[in-house]
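Below: the structure, in structure tokens.
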Amino acid sequence: MIFFIIFMVMIKPKIILVDDHKLFRSGLKYILEESDQYQVIAEASNGVEFIELLNFFNPDLVVLDINMPVMNGIEAAKIALSRNPSISILVLSLYGETEYYTTLLDIGVKGFVLKDADNEELLTAVQKIIRGGTYFSQELLLKIIRRESHNEPVK
């Protein structure tokens with residue numbers, strides 16, 4: 001029985017969190033680990049730190065903020081995916097960042113979740129992406145469609 005428990009811990013999907021706000025990363029880590037399905041193996045506060053972590057870790061998923069100092073999430077995602085096209089990236093976003101989504105989709109990110117999403121939506125997105133799928137916040141998609149169809153700025 002002990003071997004089985006140890007084996008279960010070892011096969012939890014590994015996640016790297018990348019956001020410049022430590023308190024936000026701590027909250028994400030708590031949500032993910034409290035679910036008892038995932039293991040946060042590393043954290044970074046900017047894109048440069050994240051890229052350096054990839055020299056030591058091979059995560060199943062990266063949860064990545066767009067707006068960060070030193071190197072933003074867009075540049076970090078481009079570099080990470082050019083080095084390892086199979087890496088799965090879930091982007092965290094604010095409403096006003098929709099101009100970046102096309103670029104991020106083109107480089108291969110697997111999903112977007114708004115930073116004001118609830119815990120269940122975050123866990124759903126993580127689960128779908130780790131299982132090989134994609135996840136895009138419905139609220140965000142509606143805003144993008146409205147903007148594109150009416151040439152309106154997203155608020």
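The values are calculated or read from the model by the stated rules, or taken from the named source; none is laboratory data. Fair warning: this is a prediction, and the values are worked out from it, not measured in the lab. Note: ideal-geometry Cβ built from the backbone for every residue, glycine included; neighbour counts use all protein chains shown. All accessible areas refer to the heavy atoms of the entire protein, side chains included, with ligands and DNA or RNA removed. Shrake-Rupley method; radii C 1.70, N 1.55, O 1.52, S 1.80 Å.
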Checklist entry - Does ASN72 count as of a type outside the set (Ser, Thr, Tyr) and either at pLDDT 95 or above or open to solvent by less than 40 Å² (accessible area, probe 1.4 Å) (or both)? => result no
Checklist entry - Can you tell me which residues in the range 25-51 are part of a helix (DSSP H, G or I) and touching a strand residue (DSSP E or B) at 6+ places or on another chain (Cβ under 8 Å)? => result ARG25, LEU28, LYS29, LEU32, GLU33, GLY47, GLU49, PHE50
Item to check | Residues of the range 122-138 that turn out to be open to solvent by 70 Å² or more (accessible area, probe 1.4 Å) and either in a helix (DSSP H, G or I) or within 13 Å of SER93 (Cα to Cα) (or both), as a count | outcome: 2
Checklist entry - Could you say which residue among ASN119, ASN67 is touching a helix residue (DSSP H, G or I) at 6+ places or on another chain (Cβ under 6 Å), open to solvent by 70 Å² or more (accessible area, probe 1.4 Å) and either under 24 Å from TYR38 (Cβ atoms) or at pLDDT below 95 (or both)? => result ASN119
